[in-house]
Each structure stands twice: as C-alpha cells, then as structure tokens.
Amino acid sequence: MAVDPSALDTSGVAQLCADLIRIDTSNFGDDPRTKPERPAADFVVNFLNRYGYDPILIESKPGRANVILRVPGTDPELPALVVHGHLDVVPAVAADWTVDPFAGVMKDGYLWGRGAVDMKNMDAMMLTVLADMKERNWRPKRDLIVAFFADEEAGGEWGAQWMAEHHPDLFDGATAAISEVGGYSVDVEGQTVYLIQTGEKGMDWLTLTARGRAGHGSQVNEDNAITKLAAAVARIGQQQWPLHLTDTVRSLLTTVSELTGLPFTEDPAHLSALVDALGPAAPFVGATLKTQANPTQLDGGYKANVIPATATAAVDMRPIPGTEDEAHKIIDDLAGPDVDVSSLVRYDGYEVPFDAPIVERMSEALLAEDPDAIVAPYLLSAGTDNKQLLPLGIEGYGFVPLALPADFNFSAMFHGNDERVPISALKFGTRVLARFLAQ
Ligand SMILES: [Zn+2]
C-alpha cells in the first residue's frame, strides 16, 4: 500500500471528541430527561458528508437516531467488519465534577467530559480515520460497516438492538465487530499489557415480587409481603457464588502470573493478588471470577401502620457466560416459594476466541505503535452493544486502543465523575485503529 495508514493527521481528534461531548446526549432511559441522540447523529452525518460519504440516519423513534455507513474494502472476498460506537452517554451531575461535564475542556494533557472514554472517544477516532481515508485516498481491507448507535446506556432497545432487529440487512456479510470496552493498556510489574475484551458476562435484571395479606399494622399478620421480601433479598445478597473461571479469565490470569511470578491457583488469596496486579483494571477483572447478584432496589408500602399486599425488589445479576439458566434457578430457590422472580431484561453472556486472526491483527496494530507491549484477553463484567449483534452471527470484540499512563484510574472513568482521557491516548488509538483497518 502506498499510503501509510498510521501517518494520518491526528491533531484534530481531541477537538472532534470535544465537539461530540458538547452535544449533551444524556440517556435517562424512558425518563423524559433523556436528551436524544439526534443532534449528535446530525453532527456525525454532516462530518461524513463533508468527506464525501453518504451515511444513513435511522431513527428508532423521534430523536433516537442511529447512523450507519458502509465503506467498501479492497478485498471483496473477505467478510465485512462492523466498527461501532454509541452516541449516548450516562448523565452527569455537574456539581460533582471539577469541570463542566459537557464543555469538552482540555487541560493538563487530558480531554475532560462525559463520554471522554464512554465512548465519544471511539466515535471521534472512527471519524478521524474515515476522514483520512478520503483525504489521503486509501481504503480499508475489508468492507466496513461503521455504526453510531443510540441508547447503549439504557440497554440498546432504541439503538443496536433495534437496528439488528429492524435492519439486519445493513449488517450483511459481517462476521466480526469491534467496539468498547477493551484495547486499553495496563501496567503489570512494568510490562505494558493491552487488554482485548473477548467476552461479556450475562445480564439478568430481576424483579422480585412478594404477595401477602394486606392489613392494619397493629394486628397479627403471618403473611406480610414486606417480611417475605426482605428475607428473600437478604438471602440473595448474601449468596456466596462459587468460583467459575472461564477460558478468557484463565488465560488472562495465566499471563499475569507469568509476568509477576505470583502463583495462579484457586486459592482466593492468590486470585485476589493476581487481580490486584492489574492495578486500575482490577475492578473490571475482579467481577469476572464468579456470578454476582446485587439487590439494587426495594419498594413496598405507603404508610407506617399499613401492611401492603405486595412488595417488590430489583436484583442486578451478572452470570458467568453459559450459566444464565442455572443462575436464574438459584435465585428462584433463594427467593423461596412466596416470592416470584421474573426477568426484566435478560441477555446471555458470551466469549469469542482470543486465538483468532482478528486478534492477531489487533495485536500487530498495537505492537506497531508500542513494540514492547503484549496483549491479553479479558472478560467484561458489564455489557456492550456487541451482544445485540451476536444474533446476526457477528462476534464482538472490545477494541478501543488507548495507551494509558500506568497510574491512570481508567475503570473509574466509566460513568464516573471527572471522566477524562489523555489526548495522547486518543492520538495513539487513532493511529492503531487506522493500522488495524488497513490490514
Ligand atoms: Zn459505553
């Protein structure tokens, strides 16, 4: 190839990301405070139009806009690759921040704002690479299906899920996808390790409903919905889930063990030492060794002297991939016969291969920019839009390449206060992305 993809001009990527941050797309779910993605989608469409692209904007409902663009690759024999980001962000409370979360402030070498890592950073990196393809006249090797989705932060109902269900044809020919959350660096004993996300835990948001006999608070009542619910919630919250190390987690911990000399056994002390060695990524990895089920909401009653007929609770369960049914059954048993358990939202987890050509290409692109680094897989304890594309036969990887300072608390940036990203990391990621897409 005559053009070196990594020689692209990255000087505008931080400003582009700042421009996106300034378009407040806070997603409060069904709440009317939600700021729809349409203005950000229009911004993306206008940007792409300026470079001669003709993207499609699709609203799933008024204001909830998705943008999709197909870019032909140089090798039509190869399957297409989906490269996607989401345009919405979680809300931010300005009083808890040291800067305005929607101003796109640049200071101390960082770009600050809601979406700086989740994930207007990737949106800006994608746009920068697409612009460069036109400016310097090069093409990706594979057909790219570039998507900017709505509604990821509320589960994707109006975004990736809606697009996959209503416009599956737009993803024709794709077998793999890249998106959040992976491709960032951690420091393990002085060794830079890029963590490629190769799986996600399942998600099962549960509603517990206890029914009993309503009555006066002063009377004897052996059938009190509040008492039954509280007991069920306590059993679920105190459940000790067994250790369950998936192939991805074993592979990562093996790498950490080799780098640190720490033993890798199933002894909890050994496991927590290995997880801690991952520094700022420890919270991400620590939640992937077993299923978790956290009670998160309680609702019942309306007056101190009235026993209500029903009481409800919510539980956020994140099962190890492949154990979703079994985990749901355990919750049923813990809830007991007097409390109904139903799934409000449920997605099964998945793992995709680390030992795969696409990961080799990620690795090559990363190592071309950071030659002394290594790559390792990890399982995400949370969810991404990659899940929504799985039913279309598209295997999703978390690959938003970022070279981060060793002491930078990256996992705390997600949905956190003072979310920010090093500007150098944005530039690095853009070069890696260009290299990856050119291969
Ligand atoms: Zn995200």
(Q) So, Val146, is that one open to solvent by less than 10 Å² (accessible area, probe 1.4 Å) and either outside the structural domain of Pro401 (by TED's automatic domain parsing) or among the acidic types (Asp, Glu) (or both) or not? (A) no
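May I ask you to list the residues in region 355-392 that are in a loop (DSSP other than H, G, I, E, B), farther than 26 Å from Val89 by Cα and open to solvent by less than 50 Å² (accessible area, probe 1.4 Å)?
Within region 355-392, Ala356, Asp370, Ala373 qualify.
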Q. Any idea which residue in region 400-425 is nearest to Pro72 (Cα to Cα), counting only those that are outside any loop (DSSP other than H, G, I, E, B), aliphatic (A, V, I, L, M) and within 16 Å of the ligand (Cβ to nearest atom)?
A. Leu402
**Q.** Single match in Ala116, Ala131, Ala124, Ala103 (criterion: within 12 Å of the ligand (Cβ to nearest atom) and at pLDDT 95 or above)
**A.** Ala116
Q | Residues satisfying the stated conditions in region 197-228, i.e. among the hydrophobic types (A, V, I, L, M, F, W, C), open to solvent by 10 Å² or more (accessible area, probe 1.4 Å) and under 25 Å from Ile330 (Cβ atoms) | A | Met203, Trp205, Ile226
Q: Could you give me the residue pairs with C-beta distances under 6 Å whose first residue belongs to region 238-255 and is among the hydroxyl-bearing types (Ser, Thr, Tyr), whose second residue is part of a helix (DSSP H, G or I) and open to solvent by 20 Å² or more (accessible area, probe 1.4 Å) wherever it lies, and which are 6+ apart or on separate chains?
A: none
Q. Would you say Gly159 is within 16 Å of the ligand (Cβ to nearest atom), small (Gly, Ala, Ser) and in contact (Cβ under 8 Å) with a residue 24 or more places away in the chain?
A. yes
Q.
Please list, ordered by residue number, the helices (runs of 4 or more DSSP H) wholly in region 200-313 having 3 or more residues that are more than 22 Å from Phe410 (Cβ to Cβ).
A. 225-238, 247-260, 268-276
(Q) Looking only at region 112-143, count every residue that is closer than 26 Å to Gly159 by Cα and either of a type in the set (Gly, Ala, Ser) or in contact with a strand residue (DSSP E or B) (Cβ under 8 Å, 6 or more places away or on another chain) (or both) and tell me the total. (A) 19
Q. Which condition number in (1) farther than 23 Å from Ala406 by Cα; (2) modelled with pLDDT of 95 or more is the one that Ser179 fails?
A. (1)
**Q.** Which listed residue, of Val193, Val186, Val146, is within 22 Å of Phe47 (Cα to Cα), away from the ligand (no atom under 16 Å from the Cβ) and touching a strand residue (DSSP E or B) at 6+ places or on another chain (Cβ under 6 Å)
**A.** Val146
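The values are calculated or read from the model by the stated rules, or taken from the named source; none is laboratory data. Treat the numbers as computed from the prediction; the structure is a model and nothing was measured. Cβ coordinates were reconstructed from backbone atoms using ideal geometry, including for glycine residues, and neighbour counts include every protein chain displayed. Accessible surface areas use protein heavy atoms only, side chains included; no ligands, DNA or RNA. Shrake-Rupley method; radii C 1.70, N 1.55, O 1.52, S 1.80 Å.
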